[in-house]
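Below is one structure, written out as structure tokens; comments come after it.
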Ligand code: HEC
């Protein structure tokens, strides 16, 4: 007790407790109100697990993968720790999205909480930034190729594209400079910025109090929050909403603690059961790899597949930009005083379209196998000649096209999306130049003439899978150095 009194005299603990914990809060706060604090809890979990992971991690292309493998195999609980960090990342995205949807649904971004909504949008962007930068760090196949695709998409931005790619990759290629940059953002810039924003976000919540339920802030309200009467109305309605005498502690914090604990437990279970994925080490020459982005980037990824090539840049950059403008601008142009989602038809429709659209696109991306079909009716005579060579040379003994053929070589169903005809010509001529241990036979003269190889290459370039008509090729052609005489 003596110590407490000593501290209290200096830090005024009793008053701090009264101001923070004993605050009265509005009646009937729901379990949905716990999503924000659960997001914060998971962030703390990420900070702790991330700090330990950083102790073992080496941010260079030569050692990153090995250091992760070492962690998985040799470090006590290393695999579990990586698992927690991996599942925690998904949990954070889900929780912050759910939190935003709740705040949106009860109109809690309206007067007087406009600033905190904008801070929240900033936090959401940072969480996405964490995902994007964290993805590359293991330097496995998935990491490398997903980032290649992601940075390529940024490159389609009109005017700024090339500069953006250089900024993200630290050069034109994806390599050591990229990894250093992503790592610094992941462990220094973003945590610092996020911590500052979170602190502001919470300070504002404490100062403004938790939003009361919509009904308490709607009945008898002036029609818009622009109305000069509105602030007065709001103050009264908010004060009245606290009539039940609930306190921040234990009424709110108690629920928060239960949901946070359950979330952490779930993450632990997922981590223990599934761990974190690790594919083979990144191989920039393995162009047969079909990259798939993390689930929360799937809607935009799938959307890109649905639009014709010339629209791609518009969608890739335009859709996120418009969404961002709408999110930031929301509290400033939506000035109606109605808060319940059911009383705001436009907001309800907007949310429904966004959720249904994203759900549909994620579903479509999940179902779309990288299979496809050859629509040979439209082939030119050169391409048709290539197709008969493909048959007569027994390429199908080793390669699949749309499920037909052998499996000892890569599936060629969508090879036309991965490689240019020029690259395929050189490759068919002498695969060993591209890949020393290639098990693919060389078809250069005398086996086939240059003319025939070109026909084959032209045919292969048409193999673009089922939605090939709309898909845009992403070539990852790397050529070997010129042959020494
Ligand atoms: C003996 C098996 C075998 C035969 C026959 C074969 N390939 Fe291959 N092919 C492979 C293997 C294995 C690879 C993987 C790359 C490597 O090992 O260099 C490959 C790679 C390829 C690639 C590159 C695919 C990519 O995504 O990078 C193309 C294109 C290709 N083969 C076309 C053909 C064509 C056309 C024929 C027939 C003229 C053919 N292959 C015959 C085994 C074969």
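The values are calculated or read from the model by the stated rules, or taken from the named source; none is laboratory data. Fair warning: this is a prediction, and the values are worked out from it, not measured in the lab. Cβ sites come from the backbone with ideal geometry, for glycine too, and all protein chains shown count toward neighbours.
Residues in the stretch 382-405 that are touching a strand residue (DSSP E or B) at 6+ places or on another chain (Cβ under 7 Å) and not in a helix (DSSP H, G or I): 1 in all. Evaluation of residue 400 against the conditions (1) within 33 Å of the chain's Cα centre (by Cα); (2) within 25 Å of residue 284 (Cα to Cα); (3) in contact (Cβ under 8 Å) with a residue 24 or more places away in the chain; (4) more than 10 Å from the ligand (Cβ to nearest atom) shows that the sole unmet condition is (3). Criterion first (in contact with a helix residue (DSSP H, G or I) (Cβ under 7 Å, 6 or more places away or on another chain) and within 16 Å of the ligand (Cβ to nearest atom)) does residue 393 satisfy it? In short, no.
Report, by residue number, each residue of the stretch 185-200 that is surrounded by 14 or more Cβ atoms within 10 Å (Cβ to Cβ) and within 23 Å of residue 60 (Cβ to Cβ).
185, 186, 187, 189, 190, 191
Could you tell me whether residue 65 is in contact (Cβ under 8 Å) with a residue 24 or more places away in the chain, buried (at least 20 other Cβ atoms within 10 Å of the Cβ) and touching a strand residue (DSSP E or B) at 6+ places or on another chain (Cβ under 6 Å)? So residue 65 fits the description; yes.
With respect to residue 259, is the statement that it is modelled with pLDDT of 95 or more and either surrounded by 14 or more Cβ atoms within 10 Å (Cβ to Cβ) or not assigned by TED's automatic domain parsing to the domain that holds residue 108 (or both) true?
For residue 259, the condition - modelled with pLDDT of 95 or more and either surrounded by 14 or more Cβ atoms within 10 Å (Cβ to Cβ) or not assigned by TED's automatic domain parsing to the domain that holds residue 108 (or both) - is met.
One line per residue, one yes/no per condition, for (1) assigned by TED's automatic domain parsing to the domain that holds residue 94; (2) assigned to a helix (DSSP H, G or I); (3) within 12 Å of residue 248 (Cα to Cα):
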{"site": "14", "(1), (2), (3)": "no, yes, no"}
{"site": "29", "(1), (2), (3)": "yes, no, yes"}
{"site": "35", "(1), (2), (3)": "yes, yes, no"}
{"site": "38", "(1), (2), (3)": "yes, yes, no"}
{"site": "52", "(1), (2), (3)": "yes, yes, no"}
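The residues on offer are 356, 349, and the sole one that is modelled with pLDDT of 90 or more, more than 29 Å from residue 234 (Cβ to Cβ) and assigned by TED's automatic domain parsing to the domain that holds residue 153 is 356. Residue check: is residue 405 buried (at least 21 other Cβ atoms within 10 Å of the Cβ) and more than 6 Å from the ligand (Cβ to nearest atom)? No: the conditions fail for residue 405. Here residue 252 meets the list (1) surrounded by 14 or more Cβ atoms within 10 Å (Cβ to Cβ); (2) over 30 Å from residue 84 (Cα atoms); (3) in contact with a strand residue (DSSP E or B) (Cβ under 8 Å, 6 or more places away or on another chain) almost entirely, failing just condition (2).
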